[in-house]
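> Handing you a structure now.
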Amino acid sequence: MASTQLHASLGRIKGERRLYTWAAAIAIAVVFFGFSRTYYLKGAFGTPELSTLKHIHGVLMTAWFVLFLTQVRLVATQRIAVHRQLGLLGVVLAAALVFVGTQLGIASARSGMSPIPSVPPLVFLVMPMGEVVIFTTLFTSAVLLRRRSPWHKRLMVLASLAMLTPAVARLPFDFVRSGGPLAFFALTDLVILSCIAVDTARNRRLHPAFAIGFVVVVVGQLGRLALSQTPAWNAFARWLVA
């Protein structure tokens, strides 16, 4: 009996490691495909030059998802010591992402730019600001719970996958562009829910970290849409870009 339970437990662990590897690989693919025209392959598409701030943000975001995949593989190959050492780099990188992402969102709104022509810049500013809040919440929770591995790894996956919305919004499909923010969020959530569904099926239960974390993501998404239409947000956004 004990041997059977051990075998089943090892099987679930291996399955989780494969799942997180696939999640990280899919995230990188979405980011690359979404930003290929405007960043990674911009020379081939002749898109406008980018500001220094956008280049810095692109480098940091790329580094984050590469680190995400690297950390997943380090755990999968049981190199935990190296994983923990790189975790310190992850904290620094996360802080830089939050700072630069905030500054880029404000700078874009200040210049009158909005990725969605029909959405005013000050209204759209709620999108990057909300993303920063969600990422910070999930990442900080993951760090605080780093000694509770089942919680830590799931919250870190959620923090990373929740950042896919800007890349999803730039996918070159008409149904994505015409769908607006709701479509962007829905496709991001589809990736997240796929990961949660596989994890739940393997472990035969929904882990609380995924349940709570996903609620945070959805509340943050719908909250941004509701908040963007209020006078309070308009006043706050004007204060930010002043």
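> With N set to the residue count of the range 15-110, report its C-alpha Rg divided by 2.2 N^0.38 Å to two decimal places.
Normalised by 2.2 N^0.38 Å, the Cα Rg of the range 15-110 equals 1.24.
> OK, next. I'd like the FRET efficiency for L93 and L50, computed as 1/(1 + (r/R0)^6) with the beta carbon distance as r and R0 of 22 Å, rounded to 0.05.
0.65
> Carbon-plus-sulfur fraction of the accessible area of the chain, 1.4 Å probe, in percent?
Roughly 69 percent of what the probe reaches on the chain is carbon or sulfur.
> If R₀ is 22 angstrom, what is the calculated FRET efficiency for the pair L144 and A81, using the beta carbon separation as r and rounding to 0.05?
About 0.60, to the nearest 0.05.
> What is the local net charge at L125, summed over the other residues whose Cβ is closer than 14 Å to its Cβ (Lys, Arg +1; Asp, Glu -1)?
That sum, taken over residues with Cβ under 14 Å, equals +2.
> Calculate log10 I(q)/I(0) of the chain for q = 0.15, 0.16 Å⁻¹, where I(q) comes from the Debye formula with a single equal point scatterer on each Cα and nothing for solvent.
These q points yield log10 I(q)/I(0) values of -1.08, -1.22.
> Further, regarding this structure: Show me, for the range 68-74, the HN-Hα J-couplings you get by feeding each phi into the Karplus relation (A = 6.51, B = -1.76, C = 1.60, θ = phi - 60°), rounded to Hz, glycine and proline as x.
Karplus-based 3J(HN,Hα) across the range 68-74 equals 4, 5, 4, 5, 4, 5, 5 Hz.
> Here is a further query. Along each principal axis of its Cα atoms, how long is the range 188-242 end to end? Whole angstroms, biggest number first, please.
So the three principal-axis extents are 50, 18, 17 Å.
> Scale the Cα Rg of the range 74-168 by the rule-of-thumb value 2.2 N^0.38 Å and send over the ratio, two decimals.
Relative to the 2.2 N^0.38 Å estimate, the range 74-168 comes out at 1.28.
> Could you sort the peptides 36-46, 162-172 by per-residue average Cβ neighbour count (10 Å cutoff), highest mean leading?
Listed from highest to lowest mean packing, they are 162-172, 36-46.
> Further question on the same structure: If you place +1 on the Cβ of every Lys and Arg, -1 on the Cβ of every Asp and Glu, and leave all else neutral, what size is the dipole of the range 146-242 about its Cα centre, to the nearest 20 Debye?
520 debye
> Next up: Taking the convex hull of the Cα atoms, report for the range 152-222 its projected area averaged over all directions, in nm².
4.7 nm²
> Express in % the proportion of alpha carbon pairs of the range 117-242 at distances exceeding 23 Å.
The answer is 38 percent, as a whole percent.
> For the range 96-230, what is the accessible area per residue in Å², given a 1.4 Å probe and the full set of protein chains?
47 Å²
> Write down Rg/Rh for the range 64-119, rounded to two decimals, with Rg from the C-alpha atoms and Rh from the Kirkwood relation over Cα pairs.
Rounded to two decimals, Rg/Rh equals 1.25.
The values are calculated or read from the model by the stated rules, or taken from the named source; none is laboratory data. Since we're looking at a predicted model, the values are computed, not measured. Here Cβ is always computed from backbone atoms with ideal geometry, including for glycine, and neighbour counts include all displayed protein chains. Keep in mind that these areas ignore ligands, DNA and RNA; they rest on the heavy atoms of the full protein, side chains included. Shrake-Rupley method; radii C 1.70, N 1.55, O 1.52, S 1.80 Å.
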